[in-house]
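The values are calculated or read from the model by the stated rules, or taken from the named source; none is laboratory data. Because the structure is a prediction, the values reported are computed rather than measured. Because the Cβ atoms are built from the backbone with ideal geometry, glycine has one as well, and the counts that use them run over all protein chains shown. In case anyone asks, the SASA skips ligands and DNA or RNA and just uses the protein heavy atoms, side chains included. Shrake-Rupley method; radii C 1.70, N 1.55, O 1.52, S 1.80 Å.
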Amino acid sequence: MFHTSVTDVPDISTDLYQDVVEFADANPTAAQWFMVHFTEVSIILLGLLLLFAAWRRLGGSPGDKALVLVVPATVVFAYGLSEGLKLVITQSRPCQVLTDVVIVASECPTVGDWSFPSNHSTIAGALAAGTYLLHRTLGWYALPIAAFSAFSRVYVGVHYPHDALVGVILGATVVLLLAPLLVTPTTNLIRRRTHRNQQPVPTHTPH
């Protein structure tokens with residue numbers, strides 16, 4: 001167990017981080033390899049689940065089509081919000097501060113690549129929540145993948161637990177709150193455009 005103290009970071013998060021990276025360092029090489037790759041592949045997997053859920057809605061009602069449009073937009077917004085918070089809070093990565101820890105990741109992000117909240121976890125939470133809104137069954141598969149993706153950021157050593165926890169909650173909350181608010185105006189817009197496109201083109205009869 002490490003005993004390095006960190007300012008401006010909750011003690012419980014620092015302690016949990018050190019416990020997790022110590023556990024990760026003691027794991028077999030195969031487990032470490034899996035987690036290093038899963039932490040990246042999980043976002044691709046969640047993105048594919050979202051795309052499949054959206055594809056199943058494309059042929060539906062104007063409300064279905066509206067949801068397909070607004071969900072990806074809210075995912076992007078959640079990411080932008082997390083990036084903005086990073087620039088305001090400017091919390092250093094744990095592997096930059098706790099220099100005596102051994103991390104599974106190949107390298108620690110450079111100074112200035114801030115830690116709180118985790119962009120990766122935010123995207124994971126947002127994608128899982130968006131998938132849930134589009135397709136409940138797929139959403140229940142996406143949610144644990146997102147949670148494990150967030151944990152993997154701590155396991156490989158590049159984030160504190162509170163970075164990952166807040167990130168995944170932030171992403172999911174933004175999508176779950178914002179997407180339903182945008183569906184109604186987007187549905188109305190789609191209906192108006194559809195109605196205009198269905199209007200018969202006036203013809204001129206010769207005199």
* Please state the charge dipole magnitude for region 32-186, taken about the Cα centre, from unit charges on C-beta atoms (+1 on K and R, -1 on D and E), reported in debye and rounded to the nearest 20. => 500 debye
* Asked: For region 1-88, what class follows from the C-alpha gyration tensor (a ≥ b ≥ c being the square roots of its eigenvalues): rounded when a/c is under 1.5, otherwise prolate if a/b is larger than b/c, else oblate?
  -> oblate
* **Relative compactness, region 61-140, computed as alpha-carbon Rg over 2.2 N^0.38 Å** => 1.44
* Can you tell which of TYR132, TYR79, TYR141 shows the greatest fluctuation in a Gaussian network model of the chain with Cα springs below 10 Å? -> TYR141
* To do: Can you work out the accessible area per residue across the chain, with the rest of the protein chains kept in place, probe 1.4 Å, in square angstrom?
  => 55 Å²
* Round to a whole number: what % of the accessible area of the chain belongs to carbon and sulfur, probe 1.4 Å? -> 67 percent
* Cα centroid distance between region 67-144 and region 149-169, in Å? -> 8 Å
* **Tilt relative to the chain, helix 119-134 - C-alpha long axis, 0 to 90 degrees, to 10** => 40 degrees
* To do: Please compute P(r) over all alpha-carbon pairs of the chain, binned at 10 Å starting from zero, and give each bin as a whole-number percent.
  => 9, 30, 27, 16, 9, 4, 2, 1, 1, 0
* At 1.4 Å probe size, with no ligands or nucleic acids counted, give the accessible surface of HIS135 in Å², nearest ten. => 50 Å²
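Summing Lys, Arg as +1 and Asp, Glu as -1, what charge do residues with Cβ under 11 Å from the Cβ of VAL102 carry, VAL102 excluded?
Charge balance near VAL102 sits at -3.
Could you tally the net charge around MET35, taking each other residue with its Cβ under 14 Å from the Cβ of MET35, Lys/Arg +1 and Asp/Glu -1?
With Lys, Arg at +1 and Asp, Glu at -1, the neighbours total -1.
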* To do: Would you kindly derive the ³J(HN,Hα) couplings of region 62-72 from the backbone phi angles with the Karplus curve 6.51 cos²θ - 1.76 cosθ + 1.60 (θ = phi - 60°), listing them in order in whole Hz, with x for Gly and Pro?
  => x, x, 4, 5, 4, 5, 4, 7, 7, 4, x
